[in-house]
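Inspection log for the structure reproduced underneath, given as structure tokens.
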Amino acid sequence: MPVQIYHPFNDENFSNQTCFLTGQKLSSAEEKVQVFPQWLMSRYKLEDQPFKMLDESMATYKDLKIPCAAQVNEAFLEPLETEVAAAFETGYEAVKKLDYLKLFQWAGKLLYGIIFNEIQAGIRQQYAQGEEFNISQSIIHKFSHLHLMLQSINLPVHFEDFKPYSIFLFKVDNNEQEFGYRDEINTLTFALRIRDFGLIICLQDNGANRNYHREILEKIEGETLHPIQFEEFSGRVFYSAYLFNRLPEYNLLPVGDELYIEAMPLRGMSSKPLFDTWNAKTYGQVLESFWKNWGFLLLEIIKDPEQPMSFLQDNDGNLIKAADIKLPS
């Protein structure tokens, strides 16, 4: 029997009566799972911390939930969560050994959970104003492909000779109690800095951002980074994800009771580069946001527009060691 893929964006089904992953009807509105897993919220005391929504309204971390069939949660999400939680609790070396597909699935479920809550809020807001819910086709394109790929959690869905993501994992000299989280749902980019590691994932770029940053990656992979260095690299990735100007396309190839997803070439029919032109001032604004903890201002960061401030490499392009970084107290 062919794989039955669920397409919530086809009929805009974002009801609390339907499982977000499978589309099956739920027996109770109480069948929900937390977007941010309980172990993560408990460890960093996040439950009642504010979480800002795109419409500027505030929720708390524990408010963010998605409808999920109890048997789907028990059979598929809980085992994934248990494995990832154990690795995260151990730290960098254990996370490094995880199957990166599972990291993609874990981060994808979390980010999709935020998207689901944002869409529900948008529907409520537009209906209250007497308007039909409207969302751009390019955003639907990205979100629906992410949802399709999340079904590799519960269905025999395989990626044919490609990875839909770029994953960057570093050892970072973090404060043990610090919880660093950031996302950008329009570009489907995610960053988490906890324990002794930092993780960045571009969820829908077919590896393009990893290739884009390969030169600096060769210098810093395997190094233990200072938190400001990780945040700098995160800023680079979040900015390049914004500059990425393709909407990846895929062929779906059913084979028996399995589904293979094949990526179309990103270049397609266009001779245009995959990334728009890097702008030092815009990048400086991104860095200012990522370096908020250290108080650097845009004017300092882009004092030399040709070479914005960097804690990753010196003016000659050599790696700066974390131990050599001196920051104002």
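The values are calculated or read from the model by the stated rules, or taken from the named source; none is laboratory data. Remember, it's a predicted structure, so these values are computed and weren't measured experimentally. FYI the Cβ positions are ideal-geometry reconstructions off the backbone, even for glycines, and counts take in every protein chain you see. Only protein heavy atoms, including side chains, enter the accessible area calculation; ligands, DNA and RNA are left aside. Shrake-Rupley method; radii C 1.70, N 1.55, O 1.52, S 1.80 Å.
Here are some notes:
- Carbon + sulfur, % of accessible area of the range 78-128 - ligands and nucleic acids excluded, 1.4 Å: 54
- Within the accessible area of the range 173-226 (1.4 Å probe), percent carbon and sulfur: 35
- Comparing Ala59, Ala70, Ala241 in a Gaussian network model of the chain where C-alpha atoms under 10 Å apart are linked, the largest mean-square fluctuation is found at Ala59.
- Taken about its Cα centre, the range 170-329 carries a charge dipole of roughly 280 debye when the Cβ of each Lys and Arg holds +1 and the Cβ of each Asp and Glu holds -1.
- GluC sites (Glu not before Pro) within the range 172-264: DSSP coil, no more than 14 neighbouring Cβ in 10 Å: Glu176, Glu178, Glu221, Glu249
- Cα centroid separation - the range 301-329 against the range 77-131, whole Å: 33
- With respect to the chain, whose longest principal axis is taken over its alpha-carbon atoms, helix 280-290 is tilted by about 70°.
- In this calculation the C-beta distance from Asn245 to Phe162 is compared with R0 = 25 Å, giving a FRET efficiency of 0.85.
- Surface accessible to a 1.4 Å probe, per residue, for the residues of the range 139-226, Å²: 36
- Along the axis of the charge dipole computed for the range 66-206 (Cβ charges of +1 for Lys and Arg, -1 for Asp and Glu, origin at the Cα centre), the listed residues Ala87, Ser136, Ala69 are led at the positive end by Ser136.
- The mean sequence separation of alpha-carbon pairs under 8 Å and at least six residues apart, normalised by the residue count of the chain, gives a relative contact order of 15 percent.
- Per-selection Kirkwood Rh - the range 228-298 (Cα, Å, 1 d.p.): 14.9
- When the residues Phe238, Phe104, Phe76 are ordered by accessible surface, computed with a 1.4 Å probe over the protein chains alone, the sequence from largest down reads Phe76, Phe238, Phe104.
- Ranking His141, His213, His158 from most to least accessible surface, computed with a 1.4 Å probe over the protein chains only, gives His158, His141, His213.
- The range 121-196: C-alpha gyration tensor shape, a/c 1.5 cut-off, then a/b vs b/c: oblate
- Loop-located chymotrypsin sites (Phe, Trp or Tyr not before Pro) in the range 277-315 whose Cβ has at most 16 other Cβ within 10 Å (DSSP): Trp278
- Carbon and sulfur %, accessible surface of the range 1-73 computed with the full protein complex present, 1.4 Å: 48
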